[in-house]
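In what follows, a structure is listed as structure tokens, so that the remarks can point back to it.
Throughout, read-outs are computed from the coordinates displayed, never taken from laboratory work. What you are looking at is a predicted structure, and each value in this text was computed from that prediction instead of being measured. Glycine also receives a Cβ, built like all others from the backbone with ideal geometry; neighbour counts cover every protein chain displayed.
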Amino acid sequence: MSLFTQGQYARAVEESTNAETISKVLYPSDNHLEGKLLRLSQQYFLVSASCQSIIHDHMAVYGKIDNLADKIAIHINDTHPALCIPELMRILIDDYFISWERAWDMVVKICSYTNHTVMPEALEKWNEDLFKLRLPRIYSIIKEINERFCKDAWNAFPGNWNRISAMSIIGYGQVRMANLCVIGSHYINGVSKLHSDILVKSIFKDFYAMYPERFGNVTNGIAHRRWLCYSNPKLAGLLDETIGTGYRHDPIQLNKFAEFADNKEVLDRVRAIKHQNKIEFSNLLYRKTGKLIDTHSMYDVQIKRLHEYKRQLLNVLNIIGLYLDIKDNPNADFQPISFMFGAKAAPGYYHAKRIINLIYCLGKEIENDPIAKSKLAVAFLEDYNVSMAEALVPAAEISEQISMAGKEASGTGCMKLMMNGAMTIGTLDGANVEMLAEVGKDNMYIFGLTSAEVDDLWQRGYNSAEFYTCNQKIQRIINALTVGFAGESFADIANYLTKGPGIADPFMCLADFESYRMTHDRAVRDYANKEKWNRMSLMNIAGAGFFGADRSINEYAENIWGIKRLTDK
Ligand SMILES: *Cc1c(COP(=O)(O)O)cnc(C)c1O
């Protein structure tokens, strides 16, 4: 009030403004660490509030702290809430006067951790000095956790300093949150079989040697009541009529739809529904952008955050190849295709924004080419978000899941599109591997290097030149990038693929290009065979039940949290 009367209005509200800043923004980067101190404060603020609330509620119900570990489960969903481990220790020791040993037993029983990525640039590491300054008590607790852990690790691997130093929570002036999560949790899982296997063979291999019983897998799932029943009411209606409504609360029952795989009437309705959804999406696109797309073209969709490892660029290279083919042979038969991209790039992710720019310019050039425009369309959808995805997923015919194998922990977009009858073209990465197990190779277009082959090639020293010097198509595409589209050169992207800086083409677009091109071409040819395509589409819908989140959540509840459903269904 006194500052206010002195006319210092900003200073008068400074304290409350600063307090509000802590929870003002959701950091928008994905699979990339934003090492800002405000983010660390935010994580601690949210974690501390949650832990205090949980314990407050527990005390209100039970009136004692002793049974906390029997009644409470806290799941650390990625490392962002990792500070709940030291925060629980703080509350139990400082506020409830529990011994370190007992408190630690309780915390490990309470906590479990899901890892979401193996990419080093996404693994949370905080500068030790900043951490100590901002969170002194939490830092001292982490130091103690670490010292005790390193003693145990010494007993497990006597003399093996390299191993212990890799497992340590603190090292090289950094606090490593993933290590803290593993040490403080009774169960650790990845989000697909492949990803969980990679975890225990790579970043957590030393922890796996020490605590093998802590590691497992829970393959991700999607909310099928949103991504099928709500977003695609026409398909849901057909399912109600054919297999009954049981799938709505038990998605595994979608497998009954396979009984209609040779029923011509049902197949025709699957196709008609897809066509209607395509019309509805094109209307939406027209309203939003004024862009008209041919509803008889094949809808080829890549919707996901923009990231190098997801390889939107590989998709673009193939589109450029198709565009050059059309210019060479303007009269050749060509199945019209509309390529749709939905993506947002993290602020400051320069290369990602260049790829958006490339997609936009390529689309513009094709639109201005009287011959190409009747056969190809390339649309970059602005403001990609869940609502946009809900409109596009039911309309998609090709689902692009083309990450460099070993990098996409699970993916869930792949499941949404599969459940809505799109055909997947994809690498053997993340959940794609399990989708293949559900539908078989006749109902999915798999291409490219496996994750073992990627590792192998990387170890030998990946040289993208080996892939373009012998491939004229790639050379022409790289040249076209340098010349540019709609008046803008993309020589920087051509250099990224062929020269570097650093290792050229770090996500191996060129190594997978030929396999991708041929597989995509096969999918386009199959599309002409309507009966075959409809059947494949139906088999994908029928095979998607495993990817309902109900199954994932049940696995967490039974195997990790130790909780039972309230009533039998
Ligand atoms: C499902 C979904 C994602 C995840 O897509 P992936 O292909 O698994 O990366 C991203 N953004 C939105 C809006 C989604 O709905």
Within segment 14-217, the percent of DSSP beta bridges that are antiparallel, given to the nearest 5, stands at 35 percent
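Given the -39500 (n - 2.57) contribution per DSSP H run of 4+ residues, what per-residue ellipticity at 222 nm results for the chain, rounded to the nearest 500 deg cm²/dmol?
Values: 27 runs with 291 residues, N = 569.
Taking each H run of at least 4 residues, the total per residue is -15500 deg cm²/dmol.
Take every DSSP beta bridge with both residues inside the chain and express the antiparallel ones as a percent of the total, to the nearest 5.
Rounded to the nearest five, the antiparallel share is 15 percent.
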With a/c under 1.5 counting as rounded, go ahead and sort segment 359-469 into rounded, prolate or oblate using the C-alpha gyration tensor (a ≥ b ≥ c being the square roots of the eigenvalues; past the cut-off, prolate if a/b is larger than b/c, else oblate). oblate
As a quick test, which of the pairs K201/K441; K375/K499; K132/K407; K304/K364; K24/K201 have an alpha carbon distance above 30 angstrom in this structure? K375/K499; K132/K407; K24/K201
Helix 100-110 sits at what angle to the longest principal axis of the chain, using alpha carbons and giving 0 to 90 degrees rounded to 10? 30 degrees
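Which order do the peptides 417-427, 221-231, 464-474 come out in when sorted by mean C-beta neighbours inside 10 angstrom, highest first? If you can, show how the numbers build up before the last one.
Working: 417-427: 26.7, 221-231: 20.7, 464-474: 15.8.
Descending packing order for the listed peptides: 417-427, 221-231, 464-474.
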Could you tally the net charge around S489, taking each other residue with its Cβ under 13 Å from the Cβ of S489, Lys/Arg +1 and Asp/Glu -1? -2
Counting alpha carbon pairs within less than 8 Å and at least 6 residues apart, what relative contact order, in whole percent, applies to segment 159-224? 31 percent
Under the rule a/c < 1.5 gives rounded, and otherwise a/b versus b/c splits prolate from oblate, where does segment 212-302 land using the Cα gyration tensor? oblate
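Rounded if a/c is under 1.5, else prolate if a/b beats b/c, else oblate: with a ≥ b ≥ c from the C-alpha gyration tensor eigenvalues square-rooted, which is segment 492-569?
oblate
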How high is the relative contact order of segment 287-412, in percent, with contacts defined as C-alpha pairs under 8 Å that are six or more residues apart? 39 percent
Projecting each Cα onto the charge dipole of the chain (Lys/Arg +1, Asp/Glu -1 at the beta carbon, about the Cα centre), which of I138, N420, A19 comes out farthest on the positive side? A19
If you fit an axis through the alpha-carbon atoms of helix 451-460 and take the longest principal axis of the Cα set of the chain, what angle between them do you get, 0 to 90°, nearest 10? 80 degrees
Cβ charges +1 (Lys, Arg) and -1 (Asp, Glu), total dipole of segment 14-217, debye: 440 debye
Rel. contact order, % - alpha carbon contacts under 8 angstrom, at least six apart, segment 14-217: 22 percent
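Enter the mean projected area of the convex hull around the alpha-carbon atoms of the chain, in nm², rounded to one decimal.
On the way: hull surface 127.3 nm².
That works out to 31.8 nm², a quarter of the Cα hull's surface.
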Arrange the following residues from fewest to most other Cβ atoms within 10 Å of their Cβ: L362, L130. L130, L362
Starting from the alpha-carbon convex hull of segment 14-217, give the projected area averaged over all orientations, in nm². 12.2 nm²
